[in-house]
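Below is one structure, written out as structure tokens; the observations come after it.
The values are calculated or read from the model by the stated rules, or taken from the named source; none is laboratory data. For clarity, every value in this text was computed on a predicted model and none was experimentally measured. With ideal geometry, Cβ positions are generated from the backbone for all residues, glycine too; neighbour counts draw on all protein chains shown.
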Amino acid sequence: MINHRTLSGSNSATIKSHNLQTILKALLRHEHISRAHLAQLTGLSNTTITNQIAALLEQGIVEEGGTARLQQRPGAGRPRMALRLVPDARYAVGIHIGVGQIRVALTNLRANIIASHSFTHPLDKSANDVLDQAVMQLHNLIEQHGIDTGNIIGVGVGASGLVDPETGVNVMAPNLGWNNIPVKDYLRQRLNRPVTVDNNVRAMALGEALFGAAKNVRTLAFVYARYGVGAGFVVDEQLYRGSGAGAGEIGHTTITLEGGELCRCGNRGCLEPLVSEPSIMAQAQEMARKYSHGLLAHHLNSVETPTIEQVFAAARAGDAAVQTMLTERARYMGIALANLVNILNPELILLGGIFCQGHDLLLPTVEQVMRQRSFGNLGERVEIKATEFTTQAGIIGGAALALDRFFYRQETTF
Ligand SMILES: [Zn+2]
């Protein structure tokens, strides 16, 4: 345990904690950095840097990495000793609660995955049973990798639906049928580590902002579509949650005024039933029944339980009707993203879930419609791409919640 009283010469604990947070963030962003460069970057005094670094060195969280890999300007004075964060000095746990699928992972301080496990569960299984299974799998991973649980700084959980990040209660997850599940308390009692819980897409956005494609981006929108459709926003390194932790419900923005499938929220014309995996699968099954000798039917029948991967495969193999259907779905997403661009004006939009899985088929249309329908030049200036974390976006996001709160923000000792 670090004794914060020894960490700096500042007067108040708040300032000390803020100083440490600033230093840790700088160490995260730079592979190798000198004390002088740290002082320059953070605006902290040399004494503060020296004291804080001394404590971090003692804890094994920082090491002196020599001078060889430092980029020294010729004639820039004597070489400076480089410092680096020791990524494996501490660990975090990331949990992604999806609809019917849970992923758990152990990561290091840079959110690199050390070990992970995923399992599916029937949707009628109770929340407690699902969480117990996740805990059991985590214990297995911790044991297999011989990790001292005292070195796990915290547990981050990205949960489906509406989450109260203060209480860690999963207030409502309609796709799972979960209501008021005290995820944080439940896991804290069983894992005996600090736990933070937030919406799973919001967690993915934070993961990208801290460790992924959005590291140097000031306004990020992460849009995820699979069973449900949601968005997470990071503005200036902070998650934007809205006044009631409900920001990002892009799946329930109205896209069509007349008709449209009934959405699980009770409305018609929402984005979610236009672009979600179940709705695309339902239309694909119907098309395959109509054209039972077509490419799509062939691909769907080639496996026992067809998923959207077979639909994408049929489109890639040249099924024109499937391509048209997917293009139409992509247009709806493009419209929703144009609305998002007009309201949030993000610098980067990252797409996850099925829009990442089928990005070669969907992204060109999404991008074209988004750019065309955004106001003025807002659409031209935004960058849009699929997440490079692919199926790991959820667990990296979960770990990011824990790392951000319990390590890089120093809300607790470690
Ligand atoms: Zn809806």
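List pairs: first residue in segment 401-414 and farther than 16 Å from Thr14 by Cβ and buried (at least 16 other Cβ atoms within 10 Å of the Cβ), second residue of a type in the set (A, V, I, L, M) and at pLDDT below 75 anywhere in the structure, Cβ distance under 7 angstrom, at least six positions apart or on different chains.
Phe414/Ile2
Quick one: which residue in Ala209, Ala213 is surrounded by 21 or more Cβ atoms within 10 Å (Cβ to Cβ) and either aliphatic (A, V, I, L, M) or modelled with pLDDT of 95 or more (or both)? I'd like the intermediate steps shown before the answer.
Working: Ala213 fails: surrounded by 21 or more Cβ atoms within 10 Å (Cβ to Cβ).
The match here is Ala209.
Any residue at all in segment 174-183 that is in a helix (DSSP H, G or I) and away from the ligand (no atom under 16 Å from the Cβ)?
So the first thing to find is which residues in segment 174-183 are in a helix (DSSP H, G or I), and the list is 183.
Subsequent filtering for residues that are away from the ligand (no atom under 16 Å from the Cβ) retains 183.
Checked against the condition, which is being in a helix (DSSP H, G or I) and away from the ligand (no atom under 16 Å from the Cβ), segment 174-183 yields at least one hit.
Here are Thr167, Thr149, Thr120: which of them is over 21 Å from the mean Cα position of the chain (by Cα) and among the hydroxyl-bearing types (Ser, Thr, Tyr)?
Numbers: Thr167 fails: over 21 Å from the mean Cα position of the chain (by Cα); Thr120 fails: over 21 Å from the mean Cα position of the chain (by Cα).
Answer to the selection: Thr149.
Quick check: anything in segment 373-389 of a type outside the set (Phe, Trp, Tyr) and in contact with a Ser or Thr (Cβ under 7 Å, 6 or more places away or on another chain)?
First, the residues of segment 373-389 that are of a type outside the set (Phe, Trp, Tyr): 373-374, 376-388.
Going one step further and asking which of them are in contact with a Ser or Thr (Cβ under 7 Å, 6 or more places away or on another chain), we end up with none.
Looking for residues that are of a type outside the set (Phe, Trp, Tyr) and in contact with a Ser or Thr (Cβ under 7 Å, 6 or more places away or on another chain), one finds none in segment 373-389, hence no.
Out of all the residues in segment 86-105, which are in a loop (DSSP other than H, G, I, E, B), of a type in the set (Val, Ile, Thr) and within 18 Å of the chain's Cα centre (by Cα)? Step through it out loud before you land on a result.
Initially, segment 86-105 is screened for residues in a loop (DSSP other than H, G, I, E, B), giving 86, 90, 98-100.
Still in the running and of a type in the set (Val, Ile, Thr): 86, 99.
Matches in segment 86-105: Val99 only.
Give, as residue ranges, the helices (runs of 4 or more DSSP H) completely inside segment 213-331 that count at least 1 residues that are under 23 Å from Thr391 (Cα atoms) and either among the β-branched types (Val, Ile, Thr) or within 16 Å of the ligand (Cβ to nearest atom) (or both).
Qualifying helices (runs of 4 or more DSSP H): 272-275, 277-290, 308-316.
Specify which of the listed residues (Ala330, Ala336, Ala386) is buried (at least 19 other Cβ atoms within 10 Å of the Cβ), within 25 Å of the chain's Cα centre (by Cα) and farther than 29 Å from Leu295 by Cα.
On the way: Ala330 fails: farther than 29 Å from Leu295 by Cα; Ala386 fails: farther than 29 Å from Leu295 by Cα.
Result: Ala336 is the single residue among Ala330, Ala336, Ala386 that is buried (at least 19 other Cβ atoms within 10 Å of the Cβ), within 25 Å of the chain's Cα centre (by Cα) and farther than 29 Å from Leu295 by Cα.
Any idea which of Ile152, Ile114, Ile97 is in contact with a Lys or Arg (Cβ under 6 Å, 6 or more places away or on another chain) and of a type outside the set (Gly, Ala, Ser)? Show your work before the answer.
Numbers: Ile114 fails: in contact with a Lys or Arg (Cβ under 6 Å, 6 or more places away or on another chain); Ile97 fails: in contact with a Lys or Arg (Cβ under 6 Å, 6 or more places away or on another chain).
From the options Ile152, Ile114, Ile97, the qualifying one is Ile152.
Among the residues of segment 191-246 satisfying the criterion of being β-branched (Val, Ile, Thr) and not assigned by TED's automatic domain parsing to the domain that holds Asn170, which is farthest from Gly177 (Cα to Cα)?
If we take residues in segment 191-246 being β-branched (Val, Ile, Thr) and not assigned by TED's automatic domain parsing to the domain that holds Asn170, then Val217 is farthest from Gly177 (Cα to Cα).
Would you be able to say whether some residue in segment 148-168 is among the β-branched types (Val, Ile, Thr), outside any strand (DSSP E or B) and over 30 Å from Pro273 (Cβ atoms)? If you could, list the steps in order and put the result at the bottom.
From segment 148-168, those among the β-branched types (Val, Ile, Thr) are 149, 152-153, 155, 157, 163, 167; that's our starting set.
After this cut, where a residue has to be outside any strand (DSSP E or B) as well, the list is 149, 167.
Pick out the ones that are also over 30 Å from Pro273 (Cβ atoms) and you get 149, 167.
Yes, because at least one residue in segment 148-168 is among the β-branched types (Val, Ile, Thr), outside any strand (DSSP E or B) and over 30 Å from Pro273 (Cβ atoms).
Matching residues to (1) outside any helix (DSSP H, G or I); (2) of a type in the set (Gly, Ala, Ser); (3) under 21 Å from Pro87 (Cβ atoms):
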| position | (1), (2), (3) |
| --- | --- |
| Ile15 | no, no, no |
| Asn19 | no, no, no |
| Ala26 | no, yes, yes |
| Glu31 | yes, no, yes |
| Thr47 | no, no, no |
| Ile53 | no, no, yes |
| Leu57 | no, no, yes |
